[in-house]
Amino acid sequence: MPRSGELHVTSTATHLYGRRHYSLLSLAAVALAVIAVFAGAAVGYSILLQPRVYGAQADFLITPRADISDAAVDRAMVTQVMIVTSDPVLQPVADRSGLPLSRVRRNVDAEIVGRSNLLRLTVSDPDQARAVELARLVTEQYLLRSAPPAVGPAIATAVATTPATPAPSAGATDAPAETPAETPAEAPVADPPPTRSTVLSPAALLEDPLQPQPRRALAGGLLLGLLAAAVTVAVLERPRWLTRPFASWR
């Protein structure tokens with residue numbers, strides 16, 4: 001049976017341990033708040049230092065032919081993304097804007113929105129007006145490359161070059177009739193492309209800049225601060241045997 005002195009010592013030790021535990025929790029809470037505040041302030045300061053990058057967008061509706069399969073439609077949609085970001089489209093844009101082709105490549109992005117038939121073009125640039133102008137030029141060149149080839153001029157050229165049949169003279173009634181010239185074969189009509197691209201929304205400036213994004217950056221900074229605070233709490237609240245391993249073995 002423990003003596004009264006031993007009970008008093010045990011009660012005092014328990015009380016001191018509870019006070020120490022409460023102090024550690026308070027210190028952890030203060031550290032959590034301080035780290036979160038400093039992280040948010042650091043993120044806000046870094047946002048102010050970043051240059052603004054504006055964006056312009058244009059949307060295209062890709063209409064597939066009714067006689068092609070779903071797999072062919074998917075391939076055609078991917079092909080349109082590759083066309084709008086290809087050098088044959090971007091090189092004329094670089095020439096007309098006076099920018100290097102490498103920079104135009106970096107500033108132009110395209111994607112299919114979800115599982116829809118919507119092709120979205122996004123152009124970024126530090127200058128608002130130039131972002132819209134680049135998006136307009138890319139739209140123009142893309143429509144030229146994705147338009148179906150015209151077969152009407154080829155047929156008209158073939159008909160125009162056909163020689164006319166001369167009329168018989170009055171004194172040549174007994175001459176054998178000339179064989180009429182053969183009608184030239186019609187030019188083969190090419191199959192229509194698997195998709196047709198039309199402008200759904202012309203090039204326009206986005207309301208918010210692409211960079212910086214204060215809300216996303218602030219959320220990331222707060223998350224980083226909370227993670228650092230959690231690590232701090234874990235270090236402060238680590239088991240005592242980690243700090244005094246030899247004493248715990250006795």
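The values are calculated or read from the model by the stated rules, or taken from the named source; none is laboratory data. If you're wondering where the values come from, they're calculated on a predicted model, not measured in any experiment. In this analysis, Cβ positions are derived from the backbone assuming ideal geometry, glycine residues included, and neighbour counts consider all displayed protein chains.
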Taking helices (runs of 4 or more DSSP H) that fall entirely within the range 75-151, which contain at least 3 residues that are modelled with pLDDT of 95 or more, surrounded by 15 or more Cβ atoms within 10 Å (Cβ to Cβ) and of a type in the set (A, V, I, L, M)? 87-97, 128-146
Residues located in the range 80-102, provided they are free of Cβ contacts under 8 Å to residues at least 40 places away in the same chain, touching a helix residue (DSSP H, G or I) at 6+ places or on another chain (Cβ under 7 Å) and small (Gly, Ala, Ser): ALA94
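If you take the residues in the range 54-74 that are surrounded by fewer than 14 Cβ atoms within 10 Å (Cβ to Cβ) and polar (S, T, N, Q), which one is nearest to the chain's Cα centre (by Cα)?
Result: THR63.
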